[in-house]
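For reference, the structure is listed below as structure tokens.
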Amino acid sequence: MPKTYPPSAKTAARAHITAENYGPMYEQSINDPDTFWGEHGKRVDWIKPYTKVKNTSFEPGKVDIKWFEDGTLNVSANCVDRHVETRGDQTAIIWEPDDPNTTESLHITYAELQVHVCKMANILQELGVGKGDRVVLYLPMIPEAAYAMLACARIGAIHSIVFAGFSADALGARINGSDAKVVVTADHAPRGGRSTPLKSNCDAALLHCKDSVKCLVVKRTGEQTTWTDRDYSYNDMRLEADDYQKPEEMNAEDPLFILYTSGSTGQPKGVVHSTGGYLVYASMTHQYTFDYHDGDIFWCTADVGWVTGHSYIVYGPLANGATTIMFEGVPTYPDAGRFWEVCAKHKVNQFYTAPTAIRALMGAGNEWVEKHDLSDLRLLGSVGEPINPEAWNWYNEVVGKGNCPIVDTFWQTETGGHMITPLPGATTLKPGAAQTPFFGVKPVVLDPQSGVEIHGNDVEGVLCISDSWPGQMRTVYGDHERFEKTYFGDYAGYYFSGDGCKRDEDGDYWVTGRVDDVINVSGHRMGTAEVESALVAHVAVAEAAVVGYPHDIKGQGIYAYVTLMNGQVPTPELRKELETWVRAEIGPIAKPDLIQWAPGLPKTRSGKIMRRILRKIAEDDFGSLGDTSTLADPSVVDDLIENRMNRN
Ligand code: WT7
């Protein structure tokens, strides 16, 4: 039996949720969601209180999700104004720059935040943005990113953040995909001592967009950028902008934001989140999972370009009146002690990061951690992929000194907030498991083939959720049919996560990873189809198949099998060129880690690529390729195995 960790007396004593109240609360949340959420929905301020709570259906052809549907509220009023009255001088956002040696960190109070948000809201309105319009944000991790999010929420516009690591092509596709009126960007984005020219990427993207799209540019580094007729300077406009703007009254079901995420097929989809249900869920998970208390300093190291940044840098913490840290940099710059230096500098109480960062820092050596005073840390969190026990133990012992519970939070862009996670005051921790469902979440394990629910413990299958929770995505932007098909098409009546899982003998959940053609690279989701279509768009490439393979730091790496056009010679230069090509098509995170030249790919007689075989070869697991006799040409497999050495 691996070691388990019950909550310490100290942790349990102060916790919002304990071993005693978790059970009854969970039962009520499942058996009587109307009463449970009717009560907990009040944690946010409503302009017009709701009278209806849950109105949801997972029924095939009729998937429809509504929470608090007749209530009205404003997210920016909840994240800003209501705290100005009670804690206007408290720091809302601590901004920590990429380079601590050249730039000071900033402390922005709730009162100041209100002015920044209102000014940004007025600027956006001046640029013609109104309720329901889409605004794309392509920004570094600077406070203006939070101002812009909250400004959109204030005027009822829908933001769509594009991670600053995405390429101009990816940005252009997302601007067009949501028909955005304005793009907010910055001159440059410093990160890890390097600088990405965001504005010029934006210019390149906008070449393929409507002329009417305007570009609002925030000055970050002050480096020279080109300036066109569609560009507006945030820094100039804010001098004139009014410092108050009345929050728009929004319906609970009005969209708050769109966030594109990769799936197993085709183009990324625009996940749409709601105003009311999302905010209730983000704030409640933030408070309970991290056992957040007034006055705590909370740090989530994610980027606002991902859902983790939406829910746990901005919306959840600010709805709770927390002090939240926004970090512009990377874990290893200027050195491998950066995370711990920042924890010590700002006296961080809850620290939330990804296993890939933990593994990288573990490799750098304990001395980087030991140099810094981490005595304010009370809780550690993990997100993005299963955390391997070795990394868990290191996180626990070296970072947490054995005193900080670790919450391994399983969730997805689609779920808005935590789905399966330990609660620090209630759960006896098992390294490597996400363990227990959050309130309102009913996980089920299905047999992947038959789709039949597997009851009892010590079972394995695919992870589905059998009923709605308030933070659930509402639709795929502009394509509700795709929403139904993607998430409810495989197993009728259930939300399908795309993950495999087991429920152990105690009833705890272990998420084992994606069972579809999605790979998880450093906690970021990548559709293999997306990388494949980028590769085949290159003139030299005839065909490509992409799979994941185990990678020490990233969790999974991107392994591409590439068949070249007739007459094309595989060379190291071409390999480099293809890597650069994919970076330009999608972004650096999509760059294949390994490219293997493949004269042929294993296909069935009907022409379907047998990915199972490609995965095994990528994993160096040649002994269990399974039946290859149904292949159109079984000899291609021998060739792939023989040539596996030409990967690097
Ligand atoms: C996929 C979602 C919202 C979290 C950031 C990634 C994997 C996430 C865990 C965890 C095991 C995890 C799943 C999931 N995942 N957290 N604690 N344990 N797997 O969001 O890009 O939407 O990816 O990340 O495979 O489906 P995402």
Is it true that some residue in the range 295-302 is closer than 30 Å to Asn251 by Cβ, surrounded by 20 or more Cβ atoms within 10 Å (Cβ to Cβ), of a type outside the set (Gly, Ala, Ser) and at pLDDT 95 or above? yes
Hits in the range 223-240 (condition: in contact with a helix residue (DSSP H, G or I) (Cβ under 8 Å, 6 or more places away or on another chain), under 22 Å from Ala180 (Cα atoms) and assigned to a loop (DSSP other than H, G, I, E, B)): Thr226, Thr228, Arg230
Quick check on my filter: what residues within the range 360-383 are closer than 30 Å to Met526 by Cβ and in contact with a strand residue (DSSP E or B) (Cβ under 7 Å, 6 or more places away or on another chain)? Leu379, Leu380, Gly381, Ser382, Val383
Please go through the range 358-367 and give me each residue that is farther than 16 Å from Gly432 by Cα and part of a helix (DSSP H, G or I), ordered by number. Ala360, Leu361, Met362, Gly363, Ala364, Glu367
Selected residue (only one of Phe483, Phe496 is within 16 Å of the ligand (Cβ to nearest atom) and in contact with a helix residue (DSSP H, G or I) (Cβ under 9 Å, 6 or more places away or on another chain)): Phe496
For the range 499-524: of the residues being within 15 Å of Ser382 (Cβ to Cβ) and of a type in the set (A, V, I, L, M, F, W, C), which is farthest from the ligand (Cβ to nearest atom)? Trp510
So which residues in the range 289-314 are in contact with a Gly (Cβ under 9 Å, 6 or more places away or on another chain) and either among the aliphatic types (A, V, I, L, M) or in a helix (DSSP H, G or I) (or both)? Thr289, Ala302, Val307, Thr308, His310, Ser311, Tyr312
Just give me the residues in the range 241-255 being part of a loop (DSSP other than H, G, I, E, B) and either touching a Ser or Thr at 6+ places or on another chain (Cβ under 8 Å) or of a type outside the set (Gly, Ala, Ser) (or both), in sequence order. Asp242, Asp243, Tyr244, Gln245, Lys246, Pro247, Glu248, Glu249, Ala252, Glu253, Asp254
Would you mind stating whether Val547 is in contact with a helix residue (DSSP H, G or I) (Cβ under 7 Å, 6 or more places away or on another chain), at pLDDT 90 or above and crowded, with 18+ Cβ neighbours inside 10 Å? yes
When you go through Glu144, Glu126 one by one, which is the residue that is buried (at least 22 other Cβ atoms within 10 Å of the Cβ) and among the acidic types (Asp, Glu)? Glu144
Which pairs do you get when a residue that is of a type in the set (Phe, Trp, Tyr), found in the range 511-531, comes within reach of a residue that is part of a strand (DSSP E or B) and within 9 Å of the ligand (Cβ to nearest atom), reach meaning Cβ atoms under 7 angstrom, with the pair 6+ apart or on two chains? none
Quick one: is Leu374 within 23 Å of the chain's Cα centre (by Cα), modelled with pLDDT of 95 or more, away from the ligand (no atom under 11 Å from the Cβ) and not in a helix (DSSP H, G or I)? no
Residues satisfying the stated conditions in the range 420-465, i.e. touching a Gly at 6+ places or on another chain (Cβ under 8 Å) and more than 16 Å from the ligand (Cβ to nearest atom): Asp447, Ile454, Asn457
Any residue that is outside any helix (DSSP H, G or I), touching a Phe, Trp or Tyr at 6+ places or on another chain (Cβ under 9 Å), farther than 29 Å from Trp368 by Cα and within 16 Å of the ligand (Cβ to nearest atom) - is there at least one of those in the range 317-331? no
Test Tyr395 against the stated conditions and say whether it is among the aromatic types (Phe, Trp, Tyr) and more than 26 Å from Ala164 (Cα to Cα). yes
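The values are calculated or read from the model by the stated rules, or taken from the named source; none is laboratory data. These numbers come from a predicted model, not from an experiment. Methodologically, a virtual Cβ is constructed for each residue, glycine included, from the backbone with ideal geometry; neighbour enumeration extends over all protein chains shown.
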